[in-house]
Amino acid sequence: MTTEKNKKPEFFENNPFDPVLAAIGLDDKGNRKDSSLEEKKNSSGIRKKKAGFYLSLDVLDRFTRKFHELKLAGIMIENKSAFIEAALKFALDDVDRGDDSTVLKEFCE
């Protein structure tokens, strides 16, 4: 007689939980879940999410210094997030240029 404690798992049973979808933040229909505490909407209703990556100290110092220089010069930059988002959009547009991309040349030298 087997007890519930020794019952072997059924690996091919119909289970609505998909670990891959859960890991990438999608529900069982492939829609993005809004469960992140770090995700929020700004005043214009655009959804934003905190990003986690590392920057060299030199780049981070240069970024911070340039942000404050622009603020002191009267440039209307809302915050550092808006500044880095604009810089990333510019860099991504440059990468889309393919062989003419300045950013891609950094990695090909």
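The values are calculated or read from the model by the stated rules, or taken from the named source; none is laboratory data. Just so it is clear, the model here is predicted, and its values are computed rather than measured. Every residue, glycine as well, gets a Cβ built from its backbone with ideal geometry; the counts of neighbours run over all protein chains shown.
Residue under question is ILE84, and the condition is that it be under 23 Å from the mean Cα position of the chain (by Cα), in a loop (DSSP other than H, G, I, E, B), without any contact (Cβ under 8 Å) to a residue 24 or more places away in the chain and surrounded by 11 or more Cβ atoms within 10 Å (Cβ to Cβ); does it hold?
Details: under 23 Å from the mean Cα position of the chain (by Cα): yes; in a loop (DSSP other than H, G, I, E, B): no; without any contact (Cβ under 8 Å) to a residue 24 or more places away in the chain: yes; surrounded by 11 or more Cβ atoms within 10 Å (Cβ to Cβ): yes.
Judged against the criteria, ILE84 is not a match.
Any idea which of PHE83, PHE90, PHE17 is among the aromatic types (Phe, Trp, Tyr) and modelled with pLDDT under 70? It would help to see each step written out before you state the result.
Values: PHE83 fails: modelled with pLDDT under 70; PHE90 fails: modelled with pLDDT under 70.
The match here is PHE17.
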The stretch 87-109, residues that are within 25 Å of ASP61 (Cα to Cα) and either among the hydrophobic types (A, V, I, L, M, F, W, C) or within 16 Å of the chain's Cα centre (by Cα) (or both): ALA87, LEU88, LYS89, PHE90, ALA91, LEU92, VAL95, VAL103, LEU104, PHE107
- request: Scan the stretch 38-51 and give yes if some residue there is over 22 Å from the mean Cα position of the chain (by Cα) and either part of a helix (DSSP H, G or I) or surrounded by 13 or more Cβ atoms within 10 Å (Cβ to Cβ) (or both), otherwise no.
  value: no
